[in-house]
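Taking it in order: structure first as C-alpha cells, then the write-up.
Since every read-out is calculated from the coordinates, none of them should be taken as a lab result. The shown structure was predicted, so the numbers you read here are calculated from the model rather than taken from an experiment. As a convention, Cβ positions derive from the backbone with ideal geometry for all residues, glycine included, and neighbour counts pool all protein chains shown.
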Amino acid sequence: MKRLFSILAIAGTMAFGTVNANAYTTTSAATATVATVTQEEESATPADEPLGFHQELKKRFIEGGPGFMGIVLLCLILGLAIAIERIIFLNLSTTNTKKLTKNVEDALQSGGIEAAKEVCRNTKGPVASIFYQGLDRHDEGIDAAEKAVVAYGGVQMGQLEKNVSWISLFIALAPMLGFMGTVIGMIQAFDKIEAAGDMQPSLVAGGIKVALLTTVFGLIVAIILQIFYNYIIAKIDSIVNDMEDASINLMDLLIRYKK
C-alpha cells in the first residue's frame, strides 16, 4: 500500500513537473513569438510611415543622381543668391519721389541750388542722384541739365539691371539640364535592356523614373527663379517710372527757378 502511494506520488510529481515544463515552454515560446512580432511591427512601422517633405525631397534628389541634379541645384543656389542681392539693392534704391521733389523745391526757394544739392546728397537712391546731376549742370543751361539727367538716368538704369541677365540664364539653363539628364537616363535604361537581352519592366521603370526626376527638379528650379525674376523686373520698372517722372518734375523746377 505504501509502495502504491509512493508510485502514485512519484507519478503525480512527474506529471506536475511535465505540465509546468510544458507551460513554461509554451509561455516562453509565446513570449518569444510576441517579441518577434513586436520587433517586426516596430521595424515595419517606420517604413509604413509617410516621409516628410524634406526627407522625400532628399530621397528623390539622391535617386536622380548626383551629376545633373547637383548642377541643377547649383543653378538654384546661384540664381537665388543673385535674386536676393537684387531685391535688397532695389528696395534700398526706392525713394519717396514726391517727398524728395517737395524738399528740393523748398530748398531751391530758401537756399538756392547749393541747398537743393545738399538735399540730394543726403538722400539715397537713383532719383536723388539724377536730381544732383541736373542741379549740378544748371549753370550751363536747361538743355545741358536735361542731357545730364538723361545720360545719368541711363547709368542708373544699368545699375538697377545689373546681374539680372544671369537669373534669366539660370531660368533657361535649369530645365535644359533636366531634359539632358532625362535623355541620358533613357539611353542608360535602354543600354541595360540591351545588356540584359530582355525588356524587364523593372529595368524600364527604374531608368525612366530616374530620368524624369532631373526634368522635374529642373522645372521646379525654373519656376522658383521665374517668380523672383518677375518681381525684380516689376520693381525695376517701378523705379524707372519714378525716375522719369522725377526728371520731368526737376526740369519744371529748374525752369521756374530760372525765371
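Computed over the range 89-165, the P(r) curve from all C-alpha pair distances, binned at 10 Å from the origin, holds 20, 48, 27, 5, 0 percent per bin. Count charges around Thr95 for me, please; just the other residues with Cβ under 12 Å from its Cβ, Lys/Arg as +1, Asp/Glu as -1. Around Thr95, the charge tally is +1. Close Lys pairs in the range 101-259, defined as Cα atoms under 28 Å apart and 8 or more places apart or on different chains, number 21.
Applying 0.36 nm per residue to the separation of Asn163 and Met180 and subtracting their alpha-carbon distance, the gain on full extension is 3.5 nm. With R₀ set to 35 Å, the beta-carbon distance separating Val240 from Gln188 gives a calculated FRET efficiency near 0.10. Note on Asn96 and Ile208: the extension gain reaches 34.9 nm, defined as 0.36 nm multiplied by sequence separation minus the Cα-Cα distance. What fraction of the Cα pairs in the range 102-141, stated in percent, has a spacing above 17 angstrom? Taking all Cα-Cα pairs of the range 102-141, the fraction more than 17 Å apart is 19 percent. Normalised by residue number, the volume inside the convex hull of the Cα atoms of the range 113-246 is 104 Å³ per residue. Give the shape of the range 123-192 as rounded, prolate or oblate, defined through the alpha-carbon gyration tensor: a ≥ b ≥ c are the square roots of its eigenvalues, a/c under 1.5 means rounded, and otherwise the shape is prolate if a/b is larger than b/c and oblate if not. Here the range 123-192 falls in the prolate category.
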